[in-house]
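The values are calculated or read from the model by the stated rules, or taken from the named source; none is laboratory data. Just so it is clear, the structure is predicted and the values come from calculations on it, not from any experiment. Every residue, glycine as well, gets a Cβ built from its backbone with ideal geometry; the counts of neighbours run over all protein chains shown. Quick note on the areas: whole protein, heavy atoms, side chains included, nothing else; ligands and nucleic acids left out. Shrake-Rupley method; radii C 1.70, N 1.55, O 1.52, S 1.80 Å.
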Amino acid sequence: ELLFKGVGRMLENAWIMVLTIFVINIVYVTLSTTRMILTLKGYRYIAALMSIVEVTVYVVGLGLVLDNLDAIQNLVAYALGFGTGIIVGSKLEEKMSLGYIMVNAISVESDVNQLSNILREEGYGVTDWTVNGLAGHRQALQILTPRKYEKKLYDRLKEIDPKIFIIAHEPKTIHGGFWVKTIRKGKLFR
């Protein structure tokens, strides 16, 4: 009976250790992923503060694994926590939706102003011009929007023109223009 209680405690402690290592690594990698994204988007002070917590969590997690290398499940928990942390960090970044997206769209609509005017009325920053493609004249648009409205913009473009061609990228620097001033005054998408 004593033997069973001792084995039970060891198994319980082993599972607690595995779960602890797994959760610590999810937290560490989530912080790491988020910090890297914040750094790339110019939020360096927030990223620096986040790195203090990140490195503390990392040292604790790695210490637990290194102190218990005799148990393979701890290494497996560390690796699974690492992979899960990348997914969680990426999802968190999607939810935060920091920054802006520049969408280049080419429409087959013949009315050059119709699509542009609809989008401008909805609050998007739009520059448009007529271009020539393989099948003739097209309307080219450059549309600037906060990332949190990215999906809404794609859906709206496809609703207006189901055959629209869309390419998007994240601008590194934005300077000037009426739209940037509108954003700073908080008047976008009211």
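Remarks
- Options S97, S107, S32: the member that is in contact with a Lys or Arg (Cβ under 6 Å, 6 or more places away or on another chain) and of a type in the set (S, T, Y): S97
- The residues of segment 31-44 that are open to solvent by less than 70 Å² (accessible area, probe 1.4 Å) and either modelled with pLDDT of 90 or more or not polar (S, T, N, Q) (or both), listed by number, are L31, S32, R35, I37, L38, K41, G42.
- Annotation note: of A47, A71, A14, A77, the sole residue that is touching a Lys or Arg at 6+ places or on another chain (Cβ under 6 Å) and open to solvent by less than 50 Å² (accessible area, probe 1.4 Å) is A47.
- Residues that are modelled with pLDDT of 90 or more and open to solvent by less than 60 Å² (accessible area, probe 1.4 Å) do not occur anywhere in segment 171-185.
- From Y124, Y58, residue being among the aromatic types (F, W, Y) and closer than 21 Å to P171 by Cβ: Y124
- When segment 80-100 is limited to residues that are among the charged types (D, E, K, R) and open to solvent by 80 Å² or more (accessible area, probe 1.4 Å), the one that is farthest from R138 (Cα to Cα) turns out to be K91.
So that you can scan it fast, the table gives a plain yes or no per residue for (1) closer than 30 Å to K158 by Cβ; (2) within 28 Å of the chain's Cα centre (by Cα); (3) modelled with pLDDT of 90 or more; (4) of a type in the set (V, I, T):
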| site | (1), (2), (3), (4) |
| --- | --- |
| M10 | no, no, no, no |
| N13 | no, no, no, no |
| M17 | no, no, no, no |
| M50 | no, yes, yes, no |
| I72 | no, no, no, yes |
| G81 | no, yes, yes, no |
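- Every residue from segment 125-145 that is under 24 Å from E93 (Cβ atoms) and modelled with pLDDT under 85: G125
- Restricting the first member to segment 33-55 and to residues that are farther than 20 Å from F82 by Cα and of a type in the set (A, V, I, L, M, F, W, C), and the second to residues that are part of a helix (DSSP H, G or I) and open to solvent by less than 90 Å² (accessible area, probe 1.4 Å), the beta-carbon pairs closer than 6 Å and six or more apart or on different chains are I46/L38.
- Test for V103: is it part of a strand (DSSP E or B), surrounded by 14 or more Cβ atoms within 10 Å (Cβ to Cβ) and touching a residue at least 24 places away in the same chain (Cβ under 8 Å): yes
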